[in-house]
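Trainee: Before I ask anything, let me first share the structure, which is written out below as structure tokens.
The values are calculated or read from the model by the stated rules, or taken from the named source; none is laboratory data. Because the structure is a prediction, the values reported are computed rather than measured. For neighbour counting, all protein chains shown are included, and Cβ atoms are generated from backbone atoms with ideal geometry for every residue, glycine included. Accessible surface areas use protein heavy atoms only, side chains included; no ligands, DNA or RNA. Shrake-Rupley method; radii C 1.70, N 1.55, O 1.52, S 1.80 Å.
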Amino acid sequence: MFTGIVEELGEVVAVTSTAGDSALVAVRGPLVTSDARHGDSIAVNGVCLTVVEAADGVFTADVMGETLRRSALGALRPGDPVNLERAAALGSRLGGHLVQGHVDGVGELISREPAEQWETVRFRLPAALSRYVVEKGSITIDGVSLTVAEVGADEFAVGLIPTTLKLTTLGAKDVGDPVNLEVDVLAKYVERLLGARLADTATAGTPEVATGTGGVA
């Protein structure tokens, strides 16, 4: 579990194809590897990866073909910057929101609107995810926990403060670039629970109404 608060801007060192359609990705991140051990979880652009090895400020992780297809990690190349976050520790402050590191889909940056103190950035999102995105709700973009400022049928906008623009990859993204999206997991659970309840109600049907004849004394 993560919080969507990026700890470090890392750099892809190497991407090596392995058996099948998988890959071994090496990432430089001195901070996140300072206490990393085999089996630890580190989010790379919002994707939870398991550390295989960590040494000299670089960690490697196996990335399955399914992950490469369902996220933007498949487009990474050596030298690319990536947002890094270690798994949250129990008892620490929750600065963002609950993030699983399980990408729901890939969005696309469609516009940037600079302002004096912040920048409004718009993204297109897959139609299947639009119902989970609400104004003032939370969403994770490339591992960054953000608040939705506006939402439309197939797009949404967020406001990025100078710190986010400087310390994450979102400051350097260009129009047309893909981004990993993870919607608020609470919304998905609510949908699942309500769907099951509605299904049970439909199965039960309308209760029968007792009828009969009555007499008058």
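Trainee: Zone of SER34 (label point 7 Å along Cα→Cβ, backbone N under 17 Å): which residues in segment 68-112?
Mentor: The answer is 84-89, 92-93.
Trainee: For the chain, what relative contact order do you get, as a whole percent, if you take Cα pairs closer than 8 Å and at least 6 residues apart?
Mentor: Computed over the chain, the figure is 22 percent.
Trainee: Then there's this: Picking from GLY65, GLY39, GLY91, which is most flexible by a Gaussian network model of the chain using Cα springs under 10 Å?
Mentor: Maximum fluctuation in the GNM of the chain, among the listed residues, is at GLY91.
Trainee: What does the helix-only formula give at 222 nm for the chain: each DSSP H stretch with n ≥ 4 adding -39500 (n - 2.57), the total divided by the residues, and the result rounded to the nearest 500 deg cm²/dmol?
Mentor: Helices in the chain give a 222 nm mean residue ellipticity of -4500 deg cm²/dmol.
Trainee: For the chain, modelled as a Gaussian network with Cα springs under 10 Å, which listed residue fluctuates most, ALA128, ALA187, ALA36?
Mentor: ALA128
Trainee: Give me the tail of P(r) for segment 83-159 as a percent: Cα-Cα pairs with distance above 15 Å.
Mentor: So the portion of pairs separated by more than 15 Å is 59 percent.
Trainee: Which whole-angstrom value gives the distance between the alpha carbon centres of segment 91-153 and segment 1-73?
Mentor: For segment 91-153 versus segment 1-73, the Cα centre distance is 22 Å.
Trainee: Could you give me the percent of Cα pairs per 10 Å distance bin for segment 54-117, shortest bin first, beginning at zero and ending with the bin that holds the maximum distance?
Mentor: 12, 36, 37, 15, 0
Trainee: Next question, about the same structure. Could you work out how far apart the two model spin labels at GLN100 and LEU186 are, taking each label as a point 7 Å from the Cα in the direction of the beta carbon, and quote it in nm?
Mentor: Each label point lies 7 Å from its Cα, and together they span 1.6 nm.
Trainee: Taking the 0 to 90 degree range and rounding to the nearest ten, how far is the long axis of helix 185-204 tilted relative to the main principal axis of the chain, both from C-alpha atoms?
Mentor: Tilt relative to the chain: about 20 degrees.
Trainee: With percent of Cα pairs over 24 Å apart in mind, check (i) 52; (ii) 48; (iii) 38 and report the label derived from this structure.
Mentor: (ii)
Trainee: Which translational diffusion coefficient, to the nearest whole µm²/s, is obtained for segment 1-129 from the Stokes-Einstein equation, given a Kirkwood hydrodynamic radius over C-alpha pairs, 20 °C and 1.002 mPa s?
Mentor: For the chosen part, D equals 136 µm²/s.
Trainee: Ignoring ligands, DNA and RNA, what accessible area per residue does the chain give at 1.4 Å, in Å²?
Mentor: On a per-residue basis, 57 Å².
Trainee: Which residue, THR33, THR163, THR147, has the most motion in a Gaussian network model of the chain that connects Cα atoms within less than 10 Å?
Mentor: Between THR33, THR163, THR147, it is THR163 that shows the largest mean-square fluctuation.
Trainee: Starting from the Cα of ALA128, step 7 Å along the direction of its Cβ; do the same at GLU113; then give the gap between the two resulting points in nm.
Mentor: 3.0
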